[in-house]
Amino acid sequence: MNFFQNIQPTEYQFYKPKQLVLGKTMEEHLRLSVCFWHTFCWQGTDMFGKSVFERPWKTKEEKIRAGFEFIEKLSLKYYTFHDVDVADEGPLEEVVGLMAEEMEKRQIELLWGTANLTGHPRYLAGAATNPDPYVFASAVHQVKETLDATHQLNGHNYVLWGGREGYETHLNTDMAQELNQLGRFLSLLADYKHKIGFKGTLLIEPKPHEPTKHQYDFDVANVYAFLQKHGLEKEYKVNIECNHATLSGHTLPHEVAYAIAHDLFGSIDANQGDPLLGWDTDQFPSDINTYTQTLYLILLNGGFQSGGFNLDAKVRRQSLDLEDLFYGHVLGIETIAKALLNAAHLIETGHLQEIVRKRYQGWETDFGKQIMSGKMSFETISNYVKTNKINPKPVSGRQEYIELYLNRINAEHEDVALI
Ligand code: XLS
Ligand code: NI
Ligand code: NI
């Protein structure tokens, strides 16, 4: 049975999977992926309203087939799933065979798998950070089963998103105990990964709150500090979500830059929030500027290793039709594809890199190098300033010039350097 045979998705203008950009095809650069949960499981419920979507797939097997058919129709190569997305309440091993078959048939790969440790009532007070060790143990069991399935399906990564790893009130919480439990959980998982020879990357997805008020993996900086404390900074990388970045008071490029600076960059959950709503609205990316800046950083860093752009996004509740699922994905894909072209252009002209290089060129002088290599002490530096009457002149950061330059590239996509 085909679920989408009567739908002809709108054509891509920017996304040409086989087009070469800086020596790699667009699909190799972007590694775009469709997620099961928002696209094939969500029924359009919200806090105030019931299901509104009438999807033609009814059983879990139909849902899986529909998922792979949809991805192929979009000419994409990757997908992501939670255990409960594909297995409903049953055992994951019952559907892994069908998933493997569909992947093989349609040449689709698994970007990452994950376990849903938030929905079941046993996780009311957290999974790894639950006050009850038997809940911790249940989470271990569930993650083991899901990692085993991810391994069997040759997943490129495995993701942990800790929606209930946090707390509501410190009055009933032993925070040090909970944090140590989380450290123990992540160490056990890293050991198990090596034991079974899973070659993918373990990824933590930061989010500051929602559903829990205070979440332990608040942002990339917080995750790095946590991993370091537990000696795990070489075992995990981050899966950065645009909407989570904004919830934590940052931007997607900020989180990506922070991760790159700490060798922690893994993958992206591509979506965006609404500036007027304070929650994870998970809209399809439409902001080319944000994604241009993000891709610029990723390309400068050599591109994705095991990660990619997972469209962790859902259509609006009023977008009732199957066609809307295509429009949503095409919107996200086109935004990211145009952003890639823009970012490649920025890199080819080298104009921005030159601005940044000049801004920091003082650090390439002997004086700068001596400070950074530790050859000068605090006192020596101070004496130098006193003796030489050092009085640095402020210089312009040229922010408006750069933003104007970016806007022109976005509009024209040709060399539009102003100076
Ligand atoms: C929720 C997260 C979730 C993860 C996977 O906010 O974005 O969708 O990506 O568990
Ligand atoms: Ni996500
Ligand atoms: Ni999210």
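I need the helices (runs of 4 or more DSSP H) fully contained in segment 294-409, keeping only those with at least 1 residues that are away from ligand 2 (no atom under 16 Å from the Cβ) and within 23 Å of S267 (Cα to Cα). Even if it seems obvious, please write down each step before you answer.
Working: elements: 322-349, 351-359, 366-372, 378-387.
Filter on segment 294-409 gives 322-349.
Looking only at residues of segment 29-70 that are without any contact (Cβ under 8 Å) to a residue 40 or more places away in the chain and farther than 24 Å from V95 by Cβ, we find that the one that is farthest from ligand 1 (Cβ to nearest atom) is K50. Scoring E89 on the criteria (1) at pLDDT 95 or above; (2) away from ligand 2 (no atom under 16 Å from the Cβ); (3) out of contact with any Ser or Thr (no Cβ under 7 Å at 6 or more places or on another chain) leaves a single failure, condition (1).
Can we say G278 is surrounded by fewer than 21 Cβ atoms within 10 Å (Cβ to Cβ), within 16 Å of ligand 1 (Cβ to nearest atom) and of a type outside the set (A, V, I, L, M)? Yes, satisfied. Within segment 85-122, track down each residue that is surrounded by fewer than 21 Cβ atoms within 10 Å (Cβ to Cβ), within 11 Å of T146 (Cα to Cα) and within 13 Å of ligand 1 (Cβ to nearest atom). Of everything in segment 85-122, just one residue is surrounded by fewer than 21 Cβ atoms within 10 Å (Cβ to Cβ), within 11 Å of T146 (Cα to Cα) and within 13 Å of ligand 1 (Cβ to nearest atom), namely N116. Residue-level analysis places H244 outside the set of residues that are within 30 Å of G273 (Cα to Cα), in contact with a strand residue (DSSP E or B) (Cβ under 9 Å, 6 or more places away or on another chain) and touching a residue at least 40 places away in the same chain (Cβ under 8 Å).
Residue-by-condition table, conditions (1) out of contact with any helix residue (DSSP H, G or I) (no Cβ under 8 Å at 6 or more places or on another chain); (2) in contact (Cβ under 8 Å) with a residue 24 or more places away in the chain; (3) of a type in the set (A, V, I, L, M, F, W, C); (4) farther than 30 Å from F309 by Cα:
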residue: P121; (1), (2), (3), (4): yes, no, no, yes
residue: Y134; (1), (2), (3), (4): yes, no, no, yes
residue: A137; (1), (2), (3), (4): yes, no, yes, yes
residue: Q142; (1), (2), (3), (4): no, yes, no, no
residue: Y158; (1), (2), (3), (4): no, yes, no, no
residue: G162; (1), (2), (3), (4): no, yes, no, no
residue: G183; (1), (2), (3), (4): no, yes, no, no
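Restricting attention to segment 281-305, and to residues there that are buried (at least 19 other Cβ atoms within 10 Å of the Cβ) and of a type in the set (S, T, N, Q), which single residue is nearest to ligand 3 (Cβ to nearest atom)? Looking at the filtered set, the residue picked out is Q283. Restricting attention to segment 307-329, does a residue exist that is more than 16 Å from ligand 3 (Cβ to nearest atom), over 24 Å from F81 (Cβ atoms), surrounded by 14 or more Cβ atoms within 10 Å (Cβ to Cβ) and among the hydrophobic types (A, V, I, L, M, F, W, C)? No, that holds for no residue.
The values are calculated or read from the model by the stated rules, or taken from the named source; none is laboratory data. All values reported here derive from a predicted model rather than from experimental measurement. Using ideal geometry, Cβ is built from the backbone for each residue, glycine included, and neighbour counts are taken over all protein chains shown.
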